[in-house]
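Written out below as structure tokens is the structure these notes cover.
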Amino acid sequence: MAARATRSASGAASSSDDASRCLLLALSHDELGVIVDGLADPLQPVVAVALSSTCLGLRTPLRPALEVLKERHEKAKALCDKLNSRRYIGMSEVILAELPRATVLNWVSRHLTADDMATLGMITSGMPMLRELLLIDNGFGDPGTTAMCQGLPSLKSLDLGCNKLGPVGAEALAAALHRGALLNLEKLALYGNPIGSEGVAALAKVLRRAPALLSLKLSICKLGDDGVAMLLKDLSKDDFKTLQVLDLENNDVTIASATLIASAIERGMLPDLAQVRVRHGKLDGIVYAALDRRGARKLLE
């Protein structure tokens, strides 16, 4: 009896000592949750777990947040396992521990789903060095694009070619651009996606004012003359002022689109534009002639 009483008293004293030494225990559960959310990186969960181990009194209030972190870490691990499955033999191995230092993700033709893209959007917050994201030919469509855009980081190059992305996905991407998620974007490729004129209308306003955009590829996007007009009509000198490459090939455009581009060039707009493709033949010729007169033509490879 005396021994149990001694141990009980000792435990109470230890708990009291924890409370006096750990100032975090003075915070509410909600406040602790905010701190853990800031530290909770699915790619490196050890930091948040270590915090919960600093004193016994933190384990109970942090348990729900740590359970969420564990679930996210498992999703990140499962995505890496999928990317390294046998069907992708010959492709670069994706190592979970190395992702925080990655500058390029080349995940071309990996059969990524909307759920995979949601996981990608979740983990990129822990990839501060990521600059280039290549997701060509995965087919995740509008749901995948929308999920990814919830956590899209600041990139220099984003290639979403051939992913069945439509107007809804284009709107999600435009919203991410508007939030400043792609403030440093230099190259955007959306070729082979049926975004149509509606999708271009959603993107046009933010793309025009993108401060670093050098290259915009919209070939095979089911654009008509109205879509090109939404992108380029009534340009100001602050619109597309850094754009060098514009690819609109294999869309349903006519001489009206080529004339619109040529007119913009001749009025001093699109000052850095040097490489353009509208459609081989007469339409390209109209634009090339305008670039020649400005001394800026360079054939698009």
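The values are calculated or read from the model by the stated rules, or taken from the named source; none is laboratory data. Quick caveat, the model's predicted, so the values are computed rather than measured. Because the Cβ atoms are built from the backbone with ideal geometry, glycine has one as well, and the counts that use them run over all protein chains shown.
Worth pointing out:
- Scanning the stretch 133-152 for residues that are under 12 Å from the mean Cα position of the chain (by Cα) and either modelled with pLDDT of 95 or more or surrounded by 21 or more Cβ atoms within 10 Å (Cβ to Cβ) (or both) yields a total of 10.
- Matching residues, the stretch 208-248, being surrounded by fewer than 19 Cβ atoms within 10 Å (Cβ to Cβ), of a type outside the set (S, T, N, Q) and under 21 Å from the mean Cα position of the chain (by Cα): ARG208, ARG209, PRO211, ALA212, LEU214
- Looking across the stretch 119-157, just one residue is touching a strand residue (DSSP E or B) at 6+ places or on another chain (Cβ under 9 Å), closer than 25 Å to HIS73 by Cα and polar (S, T, N, Q), and that is THR124.
- Looking across the stretch 272-291, just one residue is in a loop (DSSP other than H, G, I, E, B) and among the acidic types (Asp, Glu), and that is ASP272.
- Of the criteria (1) out of contact with any Pro (no Cβ under 9 Å at 6 or more places or on another chain); (2) small (Gly, Ala, Ser); (3) at pLDDT below 95, which one ALA170 fails: (3)
- A Cβ distance below 8 Å, combined with a sequence gap of six or more or placement on separate chains, defines the contacts here; from the stretch 66-85, residues that are farther than 11 Å from LEU43 by Cα reach residues that are of a type in the set (Ser, Thr, Tyr) and assigned to a helix (DSSP H, G or I) in the pairs LEU66/SER52; ALA78/THR119; LEU79/THR119.
- Set SER109, SER85: member being under 20 Å from LYS217 (Cβ atoms) and among the hydroxyl-bearing types (Ser, Thr, Tyr): SER109
- Only listed residue being over 17 Å from ARG72 (Cβ atoms), touching a strand residue (DSSP E or B) at 6+ places or on another chain (Cβ under 7 Å) and either buried (at least 20 other Cβ atoms within 10 Å of the Cβ) or assigned by TED's automatic domain parsing to the domain that holds ASP41 (or both), chosen from LEU112, LEU160: LEU160
- Residue that is farthest from GLY151 (Cα to Cα) [pool: residues in the stretch 72-109 that are in contact with a strand residue (DSSP E or B) (Cβ under 9 Å, 6 or more places away or on another chain) and among the hydrophobic types (A, V, I, L, M, F, W, C)]: MET91
- Within the stretch 192-207, considering residues that are buried (at least 22 other Cβ atoms within 10 Å of the Cβ) and touching a Cys at 6+ places or on another chain (Cβ under 7 Å), the one nearest to LEU231 (Cα to Cα): ILE195
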